[in-house]
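Below is one structure, written out as structure tokens, with a few remarks after it.
The values are calculated or read from the model by the stated rules, or taken from the named source; none is laboratory data. Worth saying up front: this structure is predicted, and the values here are computed from it rather than measured. Cβ sites come from the backbone with ideal geometry, for glycine too, and all protein chains shown count toward neighbours.
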Amino acid sequence: MIRTAAAALLAVAFAASPAAAQEAETGTFVLTQNGTVIATETFTRSAALLRTELDVIDQATLQTRGTLRPDATISRLAVRVFGPGGVTGEPVQTSAVNFADGLATFEQPIGEPVGEPKEVEPGAVPYVYPSPSLMEQILRRARAVGSDTLAVPVWTPGPGGGRVIGAVVAFHGEGGTLAMEGVAIEITSDAVGRLLSARIPAQSLVIERK
């Protein structure tokens, strides 16, 4: 499923001091399915910007750039998709979504709106499967609200301007679950919502932060 979905989409808390809070964090997530590495995602995250590069082995590389708000939502997410072999030449597809005034406006390619803007509830977060960094953003949103159990509206790309689905985050200490469209994801995270690991039993998929 992960390979089909990825092809079809062709998409530390620094609390010691105010200065530290502006420092960028970099890292890598490794995704394995049935014990085989199928993708890696590198990321750079600061207070205002999230950049990722997801390499789905032998399929595609997805680059994202997200503009972050203080409440852990994203005001704009741009996605560039490259074919197998990494980031070379021009992307084979680009897209973006903007969140403003209760609406999500999808562009594909970037700069060309698709369909009508979709109404979204406050606190909506975009998610491009299977990006661990964007999965983490859903957890960060829940932590920012300060609730152990929270329904988070999640926007996903698709025909006609994308769609909004419901996600429910439930924290139990460092453990917990993230449920999206009937898929249960077992997660571990810290106090600000950094994704430490995840497991999706139905897909035999494991995500680890390195």
Note to self: Yes or no: region 129-140 includes at least one residue that is under 26 Å from LEU178 (Cβ atoms), of a type in the set (Lys, Arg) and surrounded by fewer than 20 Cβ atoms within 10 Å (Cβ to Cβ).
What the structure shows: no
Counted residues in region 106-128 being surrounded by fewer than 24 Cβ atoms within 10 Å (Cβ to Cβ), at pLDDT 95 or above and touching a helix residue (DSSP H, G or I) at 6+ places or on another chain (Cβ under 7 Å) come to 1
Exercise for review: Determine whether THR52 is part of a strand (DSSP E or B), modelled with pLDDT of 95 or more and in contact with a helix residue (DSSP H, G or I) (Cβ under 7 Å, 6 or more places away or on another chain).
Suggested key: yes
Expected output for region 148-173 (first residue basic (Lys, Arg) and modelled with pLDDT under 95, partner assigned to a strand (DSSP E or B) and surrounded by 14 or more Cβ atoms within 10 Å (Cβ to Cβ), Cβ below 8 Å, 6+ apart or cross-chain) is ARG163/LYS118; ARG163/TRP155; ARG163/THR156
Checking ALA100, ALA151 in turn, the sole residue that is surrounded by fewer than 18 Cβ atoms within 10 Å (Cβ to Cβ), within 18 Å of the chain's Cα centre (by Cα), of a type outside the set (Ser, Thr, Tyr) and more than 26 Å from ALA39 (Cα to Cα) turns out to be ALA151
request  = Could you check, for region 144-165, whether at least one of its residues is β-branched (Val, Ile, Thr) and out of contact with any strand residue (DSSP E or B) (no Cβ under 7 Å at 6 or more places or on another chain)?
outcome  = yes
From the option list PHE14, PHE43, single residue qualifying as at pLDDT 95 or above and either of a type in the set (A, V, I, L, M, F, W, C) or loosely packed, with under 12 Cβ neighbours inside 10 Å (or both) is PHE43
Requested in this report: Please indicate, with yes or no, whether at least one residue in region 76-92 is buried (at least 21 other Cβ atoms within 10 Å of the Cβ), modelled with pLDDT of 95 or more and within 12 Å of the chain's Cα centre (by Cα).
Outcome: yes
>> Within region 53-61, does at least one residue satisfy the condition of being surrounded by fewer than 19 Cβ atoms within 10 Å (Cβ to Cβ), farther than 18 Å from GLU208 by Cα and out of contact with any Leu (no Cβ under 6 Å at 6 or more places or on another chain)?
In response: yes
Filtering region 17-40 down to residues that are loosely packed, with under 15 Cβ neighbours inside 10 Å, modelled with pLDDT of 50 or more and either under 15 Å from the mean Cα position of the chain (by Cα) or more than 23 Å from PRO201 (Cβ to Cβ) (or both) yields GLN22, GLU23, ALA24, GLU25, THR26, THR28
The strands (runs of 3 or more DSSP E) lying wholly within region 55-154 that contain at least 1 residues that are within 27 Å of GLU25 (Cα to Cα) are 60-68, 74-82, 93-100
